[in-house]
Every structure is written in C-alpha cells, then in structure tokens.
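The block underneath contains the structure these notes are about, expressed in structure tokens.
Every number here is computed from the coordinates shown, using simple stated rules; none is lab data. On a predicted model such as this, the values are computed, not experimentally measured, just so you know. Positions of Cβ are generated from backbone atoms using ideal geometry, with glycine treated the same way; all protein chains shown enter the neighbour counts.
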Amino acid sequence: MPANLSARAMQTLAAAAAALLVAGSAEAGPPFLTDDPEPTEAGHWEIYGPLVQAEGQGPEWSGSAGVELNYGAARNVQLTLDLPVAFARAGGTTSVGAGDVAASVKLRVVNRTASHFQLAVFPGLTLPTARSGLGAGRVTALLPVWGQQDIGAWSVFGGGGYAINPGPGNRDFWTGGLAVSRSLGDRLLLGVEARRQGGDTVGDSATTSLGLGAIVTLGGPFRLLASGGPTFADRGGPAAWHSYLALGWDY
C-alpha cells in the first residue's frame, strides 16, 4: 500500500464498505474499474452510451467519450467493442479526436451455480486508431482473469492480469483489483473497490486507486452508472482522480 495513502482515505473506504454490508445478489463490471466474469446473456445486448470516463491530476486530465457494445454471442461468450472519442488537457491546450478502438472476448470458464462462483478470461486488444497524441500509437493488449463469489445478498469480485504495452519508453505491467457491491432495494446498487496498477512507462511508479460506484435503475431497460475516486502514486505527491459516467440499456 502506498505510504501516502492517508488514514482518512482508508477510514472513508472502510466506512463505505461497512454501510454496504448492513444495507440482493449484486451485479459487477461497469461502472467499476474492476471487471467481473459474467457475460452478457446469449442473443442479447448490453450497451453503455453515452459513456464518459476520465482521469487527471491538477490542471491536466485525459479520457474519452463514446459507446461500449457488449453482445452475448453464445452461452458463456461475450463480445465487446469500445468506440471512443478521446480528449486530453495538458500544458494549457485541449485536444479532441478519434480514440483507440478496443475489442475483447469474455469467456466464462467456470459457472458453479450451487456455490455461486464464476470465473472468466477476458483478453482484449486496443487498436491504434486514435488521432496522434491521443492514443497508444501501437497495438496493446490486456490478458486478465476475473472471478466473482456471491455470498448471500452481496458479491465480491475481482482479479487482474498482464498488460502488453509496447513502444519507446513504455513497459508492460500487471494490474488487478478487488470490489464488493450490494443492491439496496430494486433501484440502487452501491459498491466500493481498490485497484493496483504497475507503472506503464520506464521510471513511472505503481498506483493504487480507490473508488465508490453506483447503478441506478431508471425504469425499463435503462440504468445510470457512475463511479469515481482518488488515485495514489507510490512515489508520493498529490492524489490524482478517476471518474466514470454512462447510460446503460439492455435488450
């Protein structure tokens, strides 16, 4: 755990987790940084859009706005496509343009209904489709494993994997997270999470991100999803932030 992760931040996360435990089986995945192993139902779509996600520190920030498409191609198989417009603010200049398209396949390899445990692999590629300076400029990949255990009325989910990040000054890294979520009635779900990510460039330090997330059912197939929280670097310095907001709908 980073040395600069304050006692107040940990107390806030612990209090939020305690509130969830005294608050049905929870869903996972968006809006959390931590993903889940449950695929979209075969023959159905899950769409998140408009979707805006961003991160930053001080006057500099970056992120994307767009749509995420999830399709249940078969039992235990989900196809995912991210179509973003990227934006960034650095040195007093704001840039906006096409972002890197990402494609991935979620394969659920374990689904034990009796014990309420699931496990999936979710390999994905990011393609260099972004405007110059707004993307990786190369094909990158993430090779994660995600698990979920439902215990009574709440769920614990998490996992992680290895990120392949080529290019001058870049380096591969490990990333992973753990989250707990709980439904508060039929219209509201709340969750807390912690994610750890290695440095993605030479000389960069690892980071720890904490977050709170919520899903509000709006009626019919529509949901509002939001999350956010601080990010702390091992090397110290001011905390950064991350955020996510999307409209979700299923059919």
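PRE reach from Glu60 (point 7 Å along Cα→Cβ): which of region 85-121 fall under 18 Å by backbone N?
The answer is 87-96.
Starting from the 7 Å offset along Cα-to-Cβ, what nm value, one decimal, do you get for the label separation of Leu107 and Ala153?
Distance between label points: 3.8 nm.
Counting helices only, and only those DSSP H runs with n ≥ 4, report the 222 nm mean residue ellipticity of the chain as the sum of -39,500 (n - 2.57) divided by its residues, in deg cm²/dmol to the nearest 500.
That comes out to -2000 deg cm²/dmol.
Where nothing but the Cβ of Lys and Arg (+1) and of Asp and Glu (-1) is charged, how large is the charge dipole of the chain around its Cα centre, in debye to the nearest 20?
The dipole of the chain has a size of about 220 debye.
Given Cα pairs under 8 Å that are at least 6 residues apart, what percent is the relative contact order of region 31-103?
27
Applying 1/(1 + (r/R0)^6) with R0 = 22 Å to the Cβ-Cβ distance of Leu224 and Leu143, what FRET efficiency is obtained, to the nearest 0.05?
Once the sixth-power term is evaluated, E becomes 0.10.
Could you compute the net charge surrounding Leu79? Neighbours are other residues with a C-beta less than 12 Å from the C-beta of Leu79; K and R count +1, D and E count -1.
-2
Separation of region 61-106 and region 171-228 by C-alpha centroid, Å?
16
Select from Val77, Leu210, Gly29 the residue farthest towards the positive end of the dipole of the chain; place +1 on Cβ of Lys and Arg, -1 on Cβ of Asp and Glu, and compute about the Cα centre.
Leu210
Given charges of +1 on the Cβ of Lys and Arg and -1 on the Cβ of Asp and Glu, with all other atoms neutral, how large is the dipole of region 136-208 about its Cα centre, in debye to the nearest 20?
Computed charge dipole of region 136-208: roughly 40 debye.
Given Cα pairs under 8 Å that are at least 6 residues apart, what percent is the relative contact order of region 143-251?
Reported as a whole number, the value is 16 percent.
For labels at Glu41 and Arg235 in the simple 7 Å Cα→Cβ model, what's the distance in nm?
Rounded to a tenth, the inter-label distance reads 4.8 nm.
Using the 10 angstrom Cβ neighbour count as an exposure proxy, how do Arg131, Arg75 rank, fewest first?
Listed from fewest to most nearby Cβ atoms, that is Arg75, Arg131.
With a Förster radius of 22 Å, plug the Cβ-Cβ distance of Ser132 and Leu69 into 1/(1 + (r/R0)^6) and report the FRET value to the nearest 0.05.
0.30
For region 62-151, what is the per residue volume of the convex hull drawn over the alpha-carbon atoms, in cubic angstrom?
Residue-normalised Cα hull volume stands at 113 Å³.
In debye, nearest 20: dipole of region 147-251 around its Cα centre with unit charges on the Cβ of K, R (+) and D, E (-)?
So the magnitude is around 140 debye.
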